[in-house]
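What follows is a short report on a single structure.
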Amino acid sequence: MNSTQPLIAKLRENISRVVLGQDEVVRLTAVALLAGEHILLEDVPGVGKTLVGKAVARSLASEFRRIQFTPDLLPGDITGSSIYSTESRQFAFSPGPIFANIILADEINRATPRTQSALLEAMSERQVSIDGQTHPLPRPFMVIATQNPVEFEGTYPLPESQLDRFLLRIPMGYPSREVELQVLTSHREGEPVDFLQAALDGRQVVELQEAVRRVEVDAALNSYLLDIVLTTRKCEELHVGASTRGALALYRGAQSAALIAGRNYVVPDDIKNLAVPALAHRVIPKGYLHGGQRQAVESLIERLVEEVPVPA
């Protein structure tokens, strides 16, 4: 446990050098990274979503690919495809940009649902299947997706199956006036993220991810977590509650949050504080307008969590 804290602190500090005034966003991003999962950053354009992805990638000495999602992007442009070689007279697999450690899926909801679905197998199973052949993805592997609100022109709502693959959905929000002044000053001579140095390598990230899985979760907290999930399924205001994958996401996220906090055991607040970012994008309210009502759903999840008794 003592050996992990300097590495985690170094990572968070490095990202915070360029992602100013967003301590909670940085913490939640670290939670997902150490849990070995993916995040969806959602907010209006220009608030730093892409910057977070770049900062994480540059903080790790690993392979990074940015995929700009557009309406004409095809699944093969992401996963790769088999190309016929006139020299060997055989088809050979040409890997797509998904074969990297950190993937920045920029403006993911500007591509069609068919193209969005190209990420499903990669995000769930860390592999890609092309023409009957399975190709494993490298470790660590993380997708950092950004999306604009669905009310914006030229967006396609993410399917529920796609949303369910993200450990956390994180809104960015506008920075304070003081932080924006710092941003203006720091960008005077260029983009600070372009000069960011790596803080960890891929091996260290994998070791931290393995340490997360050794964090203890008491049986009473397992019951508390499931009580929260079951409450969403019984809620009359929700058409669909959180899935079993949602329960697993909250479990793994709580382990990661505990390690980041310097503990080898989970406490109720680890679960409680992650309930909204881990579950709100997995439920469907009644009278659902596809992709909308984010704030209303998040407020509902907060209320449901408060109704569940916390174990002593």
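The values are calculated or read from the model by the stated rules, or taken from the named source; none is laboratory data. These figures come from a predicted structure and were not determined experimentally. Here Cβ is always computed from backbone atoms with ideal geometry, including for glycine, and neighbour counts include all displayed protein chains.
Structure data summary
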read-out	value
In region 173-193, residue surrounded by the fewest Cβ atoms within 10 Å (Cβ to Cβ) [restricted to those that are hydroxyl-bearing (Ser, Thr, Tyr) and farther than 20 Å from Val44 by Cβ]	Thr185
Residue within region 80-97 that is out of contact with any Cys (no Cβ under 7 Å at 6 or more places or on another chain) and closer than 20 Å to Ser161 by Cα present	no
Top-ranked residue in region 76-98 [being surrounded by fewer than 19 Cβ atoms within 10 Å (Cβ to Cβ) and among the hydrophobic types (A, V, I, L, M, F, W, C); ranked as nearest to Pro140 (Cα to Cα)]	Phe93
Of all residues in region 110-129 being of a type in the set (A, V, I, L, M) and touching a helix residue (DSSP H, G or I) at 6+ places or on another chain (Cβ under 6 Å), the one that is farthest from Glu210 (Cα to Cα)	Ala118
Some residue of region 221-241 being outside any helix (DSSP H, G or I), assigned by TED's automatic domain parsing to the domain that holds Ala296, touching a Lys or Arg at 6+ places or on another chain (Cβ under 7 Å) and free of Cβ contacts under 8 Å to residues at least 60 places away in the same chain	yes
Selection from region 247-284 of residues that are more than 20 Å from the chain's Cα centre (by Cα), part of a helix (DSSP H, G or I) and buried (at least 16 other Cβ atoms within 10 Å of the Cβ)	Pro268
From Gly287, Gly241, residue being closer than 14 Å to Leu300 by Cβ and surrounded by fewer than 16 Cβ atoms within 10 Å (Cβ to Cβ)	Gly287
Failed item, numbered, when Gln295 is tested on (1) in contact (Cβ under 8 Å) with a residue 24 or more places away in the chain; (2) surrounded by fewer than 16 Cβ atoms within 10 Å (Cβ to Cβ)	(1)
Residue that is at pLDDT 95 or above and more than 22 Å from Ser124 (Cα to Cα), where the choices are Ala254, Ala220	Ala220
Count of region 28-48 residues which are more than 15 Å from Arg169 (Cβ to Cβ), more than 10 Å from the chain's Cα centre (by Cα) and not hydrophobic (A, V, I, L, M, F, W, C)	3
Strands (runs of 3 or more DSSP E) contained entirely in region 84-157, each with at least 1 residues that are within 13 Å of Phe69 (Cα to Cα)	102-106, 142-147
Scope region 31-46; condition surrounded by fewer than 23 Cβ atoms within 10 Å (Cβ to Cβ), modelled with pLDDT of 90 or more and within 27 Å of Arg177 (Cα to Cα); matching residues	none
Residue among Leu73, Leu60, Leu51 that is crowded, with 18+ Cβ neighbours inside 10 Å, more than 28 Å from Tyr174 (Cβ to Cβ) and touching a residue at least 40 places away in the same chain (Cβ under 8 Å)	Leu73
